[in-house]
1. Counting other Cβ atoms within 10 Å of each Cβ, which trypsin sites (Lys or Arg not before Pro) in region 318-420 have at most 15 and sit in a DSSP loop?
2. Taking amide hydrogens as modeled 1.01 Å from N in the peptide plane, which residues meet the under 5 Å criterion relative to Ala547, leaving out close sequence neighbours?
3. If the chain between Val191 and Glu236 were fully stretched, how many nm would it gain, using 0.36 nm times the residue separation less the Cα-Cα distance?
4. Could you give the Stokes-Einstein D for region 344-465 in µm² per second, using the C-alpha Kirkwood radius, 37 °C, 0.692 mPa s?
5. List, in order, the whole-Hz ³J(HN,Hα) value for each residue of region 220-229 obtained from phi through the Karplus relation with A = 6.51, B = -1.76, C = 1.60 and θ = phi - 60°; use x for Gly and Pro.
6. Which lysines have a Cα less than 17 Å from the Cα of Lys47, not counting those fewer than 8 places away in the same chain?
7. Sequence neighbours fewer than 8 away in the same chain don't count; with that in mind, list the aspartates and glutamates whose C-alpha is under 18 Å from Lys447.
8. Scan region 370-418 for GluC sites (Glu not before Pro) in coil per DSSP, keeping those whose Cβ has at most 10 other Cβ atoms within 10 Å, and list them by number.
Amino acid sequence: MSSAPTPIVSNFIRTIIDADLASGKHGNIVTRFPPEPNGYLHVGHAKSICLNFGLAQDYQGKCNLRFDDTNPEKESQEYAQSIQNDVRWLGFEWNGEVRWASDYFEQLYQFAVELTEKGLAYVDDLTPEQMREYRGTLTQAGKSSPSRERSVAENLDLFARMRAGEFADGSMVLRAKIDMASPNMNMRDPVIYRIRRAHHIRTGDVWCIYPMYDYTHCISDALEGITHSLCTLEFEDHRPLYDWVLDNLSIKCHPRQYEFSRLELHYTITSKRKLLQLVNDKHVSGWDDPRMPTISGMRRRGYTPDGIREFAKRVGISKSNNTVDMSVLEGCVREDLEAKAARVMAVIKPLKVVVTNFIEGQTESRVAGFHPQHPEFGERLVPFAKEIWIEADDFSVNPPEGWQRLTVGGEVRLRYSYVLRCDELIKDAAGNVVELRCSIDPDTLGKNPVGRKVKGVIHWLSVEHALPAEIRLYDRLFTVPEPDADKNVDFCTYLNPKSLAVVQGWVEAVVREAASETRYQFERLGYFCTDRYAHLPGKKIVFNLTATLKDTWEK
């Protein structure tokens, strides 16, 4: 049976929100989800989506979707659209229109002018190599650039000319003037604008200077009235810069940033750069390959929005970095599908059985329900015929001790049908079993045989009625739990060559018109989903393995 959904558990962020609402600091909450449109979202983003949108739902607040489109070379409309699709598929809707950092480019520029006028920003023409040298190290203070003492007038002039396109890419930057001796490297006069002639997906070629993320993000939050700006732990050291920018601008709203731990999964990776490498190097079929940890990949594999949201709840929110076993995610999906997926039979490794005592017109078929706990799912006829398919793994010439499936001279119950006895096997020239000759006990349709007990039950299909199907069997993408843990070893070294097996199987005829993304439990085999793209209802049938019936990750 399916487990009850995990109840809402308080965490440090909810505690902060509760206190802010109780004190009157905020009348309601406004969160945001701020992805960069430079790739498809992955399971780690799913956690952030569930957190930000989930809090807004629970507290009757609002959550904005805002794209951080400040890095034009790597961004595309394809990525932006996929992100919107993913958020909606997970069951969430953002407040108002989609927002973009580029909506604020003019305001961001004017705020940079304000910092410059206050003597808190300056144009620097050090080379990138010189800038790294001047920046110092974790144990050694940085030193000031010769440009740091430029006059306000000169800085304003140079910054305006940067915008006008007078200077080459990379020749100048605008830096915040903070503290070159700060123990926090992010506060050592960080770059807030750089020259970059790149076509932008929304503003085209209007701008040749673009603001940096740390500068852009806090101002965008403030302009949107965000109350709680939630991000992952790697931004903890960036929080002083977030506050410094807002403290030094004529902007009334000052959101607060809070950090929580990232989500990492065993046997996969969540680096966008490395995921893109897998795509570009053709190790996978695309961002939505069902082996990928992307939301679109999980969707194509047959994972459910409810299962993923339940997973995000169980993982929880904390300050401690944690890597979660894949079995936790699969368990949540499996539990959701247990209650929702219709049952049908399929055969993945077919072995033909000829029923020698089948009598046309007399040997009967039976009706079976689609779900034992849900009669409202309906029922279908499971046709019986002279030739049937069984799973090759359900027959053994030399069965091990305790074997409860088929062997020569042995009996099994055919699911929803007769007791079947194997009388003879047929082998090919190489000695492989290619066919079984069996007989049924005609008095066992829907009842137990008299005078003996048959323990085993196997699934099967009528050869005449079964539909051919391409069945894609997926395993973990990598052979080790943390494929990118050793920075001296290429993570692709650990790619699992057996992560995908494509087999020709057979399924019940009732799935003929199933729409794409229809999920079933193949009895005794696992949960499967019709492929989102390759499956053509009434024509080509393609199923992806979503999850086995039991956890096999640790075996």
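1. Lys319
2. Hits under the 5 Å cutoff: Tyr527.
3. Length gained, Val191 through Glu236: 14.4 nm.
4. Numbers: Rh = 15.1 Å.
For the chosen part, D equals 218 µm²/s.
5. Each residue's phi maps through the Karplus curve to give 4, 4, 5, 5, 8, x, 5, 9, 10, 9 Hz.
6. Lys272, Lys313, Lys319
7. The reachable aspartates and glutamates, counting only those whose Cα sits under 18 Å from Lys447, are Glu364, Glu411.
8. Answer by residue number: Glu401.
Taken together, the values in this text are just the output of simple stated rules run on the coordinates, not laboratory data. From a predicted model like this one, the values you see are computed outputs, not experimental measurements. Heads up, the Cβs are rebuilt from the backbone with ideal geometry, glycines too, and the neighbour counts pull from every protein chain shown.
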